[in-house]
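The values are calculated or read from the model by the stated rules, or taken from the named source; none is laboratory data. Because the structure is a prediction, the values reported are computed rather than measured. With ideal geometry, Cβ positions are generated from the backbone for all residues, glycine too; neighbour counts draw on all protein chains shown.
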C-alpha cells in the first residue's frame, strides 16, 4: 500500500438534526484519494447523534482516523478544535415572533424618540439652532422652524447612511455595520462555549 | 502683563483640551470614518480635516463675537439637512457602539427583522426631534 498524506480541517457548521447519526464526514473536510476519503467519511463519531453542543479536537480526529485506516499520515490545518451544535428543528410560533418584533419596535421607537429629546435639551439645541440661523441669515428669531424641521429630517438621513441601508436595498447580501457587529458577538459566544467545553473535558 | 499671559495660556489650554476631546469622540465613534467611507475618496483626507477645523472655528466666531454671514436664508433647508445628517450619524454610531440593537435582536432571536427594527429607530428619532421643536413647551 502506498503511504498517503491526508490533510483535514474542521467544517464551520454542522447541519444535522439532533437524532441523526453523526459521521466524521459531517465535521471535517480533507484531501485524500477517493477510497480513503470514503473510508474516513463513514467513521461514526456520535452513533446516537448529538443533542447538546460538542467539542472536537484535532487529536481526537487523528485518533479516530488512525484506528480505522492505517498507513497514512494525518495532518490538521487551521483551528485545533471546533464546537458543533445540532440544528434546532422546533418551528417557531409566528405569533410569538410577531410579538417579539412588535415589542422591540415599540421599545426602540419610543426609546429613540425620548433619547433624541434628552440629547436636545442636554446640549440646548434650540439655542444652537438660533445661533446658527443668526449666522446664516442675520435675523434673530426665537425658534427657526424651517431649520429645525429640515434638521430633523436630516437625522433620519444620517441614520440611513450610517447603517448603509442604501447598500441593503441594492444588494441584499451586502453586510452593513450591524451585521458585522451581530456576527462578531455570535462568534465570541461560540468561541467561549468551545473553550469552556474544553475545560470541562480536562 | 502677567495677567494677559496667563489668560492667553489658560484659553489656549482649554481650547486644546476641548478640540482634542471632541475630535477623539468623533473618531472613536467612527463617525468621520463612516462619512469618508461614504465619499469613497480617502486620498482627500487632509481636506476633510481642514473643513472640520474651519467648521469649529466658524461656530466659535458666531458664539463669541456675534458674527453673521447675513442674507443666506435660502440655504436654511439644505444646511438643516446637513446638520441633521451629522447628528443622525453620531447618534447611530453611539447606538452601535453601545450594542443596543444587536443586543436586543440577539436576545429576542429576531435577527431576520433587524432592518425593520432600524427603520423604527429612524422614524422614532425623526418623530422625537419634530416633537421637540414643534410642540411648544418642550424647550
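Taken over the range A:67-100, residues that are within 30 Å of residue B:93 (Cα to Cα) and in the same structural domain as residue A:52 (by TED's automatic domain parsing) amount to 0. Kindly establish whether residue A:139 is modelled with pLDDT of 85 or more, more than 24 Å from residue B:32 (Cβ to Cβ) and more than 7 Å from every other protein chain (Cβ to nearest Cβ). In short, no. Residues of the range A:10-32 that are surrounded by 12 or more Cβ atoms within 10 Å (Cβ to Cβ), out of contact with any helix residue (DSSP H, G or I) (no Cβ under 9 Å at 6 or more places or on another chain) and under 21 Å from residue A:75 (Cα atoms): A:29 alone. Applying the criterion of being within 14 Å of chain A (Cβ to nearest Cβ) and outside any helix (DSSP H, G or I) to the residues of the range B:1-42, the residue that is surrounded by the most Cβ atoms within 10 Å (Cβ to Cβ) is B:30. Selection of the range A:178-202 for residues being at pLDDT below 75 and farther than 15 Å from residue A:84 by Cβ yields A:199, A:200, A:202. Counting the residues of the range A:74-95 that are within 14 Å of another protein chain (Cβ to nearest Cβ) and surrounded by 11 or more Cβ atoms within 10 Å (Cβ to Cβ) gives 1. Of all residues in the range B:70-104, which are surrounded by 19 or more Cβ atoms within 10 Å (Cβ to Cβ), more than 19 Å from the chain's Cα centre (by Cα) and farther than 15 Å from residue A:112 by Cβ? B:102, the sole residue that qualifies.
To keep it simple, each residue is scored yes or no on (1) surrounded by fewer than 15 Cβ atoms within 10 Å (Cβ to Cβ); (2) in contact with a helix residue (DSSP H, G or I) (Cβ under 6 Å, 6 or more places away or on another chain); (3) in the same structural domain as residue A:180 (by TED's automatic domain parsing); (4) closer than 30 Å to residue B:33 by Cβ.
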site	(1), (2), (3), (4)
A:120	no, yes, yes, yes
A:139	yes, no, yes, no
A:144	no, yes, yes, no
A:152	no, yes, yes, yes
A:157	no, yes, yes, yes
A:167	yes, no, yes, yes
